[in-house]
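Colleague: Sharing a structure below in structure tokens format, with a few things to ask.
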Amino acid sequence: MQFDLTDLRLFVLAADEGSLTRAAERQHLSLAAASARIKALEA
């Protein structure tokens, strides 16, 4: 599995915010892109 710190930061932001949508907005990502990154972390 390969990921970078941006993926981990997104995961932590989603946990802190309680919302993947808000975490994606803070990272300037679309919800679809953020969801794909989280899904890749889970794999």
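Derivation of every value follows stated rules applied to the coordinates shown; laboratory data play no part. Predicted model, so just to flag it, every value in this text is computed and none were measured. Here the Cβ is made from the backbone with ideal geometry for all residues, glycine too, and neighbour counts use every protein chain on show.
Colleague: Take the conditions without any contact (Cβ under 8 Å) to a residue 24 or more places away in the chain and among the hydroxyl-bearing types (Ser, Thr, Tyr) and apply them to residue 6. Does it pass? Walk me through it before giving the result.
Modeller: Numbers: without any contact (Cβ under 8 Å) to a residue 24 or more places away in the chain: no; among the hydroxyl-bearing types (Ser, Thr, Tyr): yes.
No; evaluated as a whole, the condition is false for this residue.
Colleague: A further question on this structure: Can you confirm whether region 17-27 contains a residue that is assigned to a helix (DSSP H, G or I), free of Cβ contacts under 8 Å to residues at least 60 places away in the same chain, surrounded by fewer than 12 Cβ atoms within 10 Å (Cβ to Cβ) and not hydroxyl-bearing (Ser, Thr, Tyr)?
Modeller: no
Colleague: What is the number of the single condition among (1) exposed (fewer than 12 other Cβ atoms within 10 Å of the Cβ); (2) without any contact (Cβ under 8 Å) to a residue 24 or more places away in the chain; (3) among the hydroxyl-bearing types (Ser, Thr, Tyr) that residue 35 does not meet?
Modeller: (1)
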